């Protein structure tokens, strides 16, 4: 069971200010969320329907890569402003 103190500790770690009322509401909400997610543990996965064999991570083969820098000039020319081989952007502070 999630308590108000647990929520306040988590909020403190996340540097989020919460009132006592909010902490109680969040504790209740989190309890319901965890119950809902916990339903995954009740699923019967013994009969894997539709599986014809083991499951593998299927990745595509890399094709022929283009030559390095082949499109650099086209990309830089499409930019509003550039400086050498770089995009020039406004300083953001």
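If the Cβ limit is 8 Å and pairs must be 6+ apart or interchain, which residue in segment 3-25 that is part of a loop (DSSP other than H, G, I, E, B) pairs with which residue that is surrounded by 12 or more Cβ atoms within 10 Å (Cβ to Cβ)?
Listed by first residue and then by second, the contacts come to 3/27; 17/11; 18/7; 18/8; 18/11; 18/26.
Could you please give the count of residues in segment 31-51 that are modelled with pLDDT of 65 or more and either in a loop (DSSP other than H, G, I, E, B) or in contact with a helix residue (DSSP H, G or I) (Cβ under 7 Å, 6 or more places away or on another chain) (or both)?
Final tally of qualifying residues: 5.
The values are calculated or read from the model by the stated rules, or taken from the named source; none is laboratory data. Quick caveat: nothing in here was measured; it's all calculated off a predicted structure. We place every Cβ from the backbone using ideal geometry, glycine too, and count neighbours over all the protein chains shown.
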